[in-house]
Amino acid sequence: MKVNTPIWHPCTQMKDHETYPIIRIERGEGIYIYDADGKGYIDAVSSWWVNLFGHNNPRLKRAITDQMDKIEHVIFAGITHSPAQTLAEELVALTPDELTKVFFADIGSAAVESAMKLSYGYRYNTQNAKKNRYIYLDSGYHGETLGALSVCGEQLYTELFGQIMIENIRVQGPDCYRCPFGKERNSCDAECFCHLEKAMAENHEHITAVLIEPLLQCAGGFKMFPPVYLKKLVQAAKHYDIHTIFDEIACGFGRTGTMFALEQAGVCPDFLCLSKGITSGYLPLSVVMTHDGIYDAFYDDYTTLKAFLHSHSYTGNPLACAAGVETMKIFREDSVVEANAKKFPVMHEYINKKFGGRPHVGEIRHLGCVSAIELVKDAATKEKFDWKSRTGFQIFRKAIEKGAYLRNLGDVIYFMTPYVITEDEMIKLVDIAYESVYEVL
């Protein structure tokens, strides 16, 4: 029977729900979400990678309700407020010294598009408007609004809309599991950077910026690559006068084992996009951070028409900023990054123990608080399953039956839990994943 609901759910073939009823969630607590019947599910994907400190966290709720008693929202043009000011100062203190300016937006793709416009706006304001295209990687993902989609390497999202997007330059990116150079990610010199370097050399006169998710390409299959790739990128970009836009929307705020992935390469981009965990997933908020050189290109008398005329209705929302300020306090007061460095190896080791050497396990990969298992038809040849068989999706549905929301990405099963998960809960989650995989396979 055709699904009868007024809600059109995202990234979903609604016809699937003729077979699998939509889960109605009524409440959350810690790492669990609970449906209308009281059944609990481990939120193994942090509700699309946003939740850091658990559902129904009392500190975050208090920060939001306290701010609600003061002001819920106010226009952000020509007006500021304490939560935004404090959050901006916190972010400037946490990131490289060069990043001195914070531009607020509301969602991740809005931050990416703001960065893209700022990059080109800089070129226009400095009489170099011919630099009007962008380079991106073939497994990269930066959001699904039209501008962000034009730099998305995942054709699943872009193919339908190719005719209405600006044409940018797609480049082969790192794929350490299937490395064409036969190297290992922990010891290579990022030989695969040659593809991006070639594109920059051949097109630099027309390229304003290159976009990348540092170290971890989430929607692209949770591919992980070494910091040396970023070092080479920043060096080459400076040589060719190309801006770097680091999209740490998903991988920022501790996910890769450091507060920001860029720290592991010791580099600083021209633009840093942040969202998701910035509020611990409690309210939508995003920012673009940049340096004085970009800011100064827009700073002039009004009549020069150089101002950055870009806005969103909920830019700098006080409730979201208050959640962001409290999130930064939790990181600082609870030494979260340091605590995670001790806790998450427990999950890594148990995943390795359960899945290592098992049939259909192509690669197990870990980075900080993220783990992924790439399942294949033949581990020896790395042959993939037929995508039409939806192997990963079947495993996802089996895990739901067992009490874990372990959403797949193709045939990659991944773990990106809230940081408040306990070691016992880690073991429980991995056991559910293991049972689900081998009941399907």
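Observations on the model:
- Estimated [θ] at 222 nm from DSSP helical runs (n ≥ 4, -39500 (n - 2.57)) normalised by residues in the chain, nearest 500: -10500 deg cm²/dmol
- Backbone N atoms of the range 307-343 closer than 12 Å to the 7 Å Cα→Cβ label point of His73 belong to residues 312-320.
- The range 50-101 and the range 196-241 have Cα centres lying 30 Å from one another.
- Theoretical gain in end-to-end length, Glu159 to Glu333 [0.36 nm per residue, Cα-Cα removed]: 58.1 nm
- Database remark: amide H of Leu409 closer than 5 angstrom to the amide H of Tyr414 (H placed geometrically; neighbours at sequence offset of 5 or more, or on other chains; Pro and chain starts carry no H).
- Residue among Thr290, Ile75, Thr244 farthest towards the positive dipole end of the range 63-333, charges placed on Cβ: Thr244
- Multiplying the residue separation of Asp424 and Asp378 by 0.36 nm and subtracting their alpha-carbon distance yields 13.4 nm.
- The chain: most fluctuating residue of Pro269, Pro180, Pro226 per GNM, C-alpha cutoff 10 Å: Pro180
- Cβ-placed point charges (K, R +1; D, E -1), dipole of the range 63-333 about Cα centre in debye, nearest 20: 440 debye
- Proxy reagent accessibility, fewest Cβ within 10 Å first, across Glu439, Glu159, Glu113: Glu159, Glu439, Glu113
- Label-point separation in nm, Ile22 to Thr145, each point 7 Å along Cα→Cβ: 2.5 nm
- Here the chain is treated as a sphere whose radius is the Kirkwood value from Cα pairs; by Stokes-Einstein at 4 °C and 1.567 mPa s it diffuses with a coefficient of 57 µm²/s.
- A DSSP coil position with no more than 16 other Cβ atoms inside 10 Å describes the following GluC sites (Glu not before Pro) in the range 191-288: Glu191.
- Normalised contact order of the range 63-333, rounded percent, pairs of Cα under 8 Å and 6 or more residues apart: 28 percent
Bear in mind these aren't lab numbers, they're just calculated from the coordinates by the rules spelled out. Since the model is a prediction, treat every value here as computed from it, not as a measurement. Note: ideal-geometry Cβ built from the backbone for every residue, glycine included; neighbour counts use all protein chains shown.
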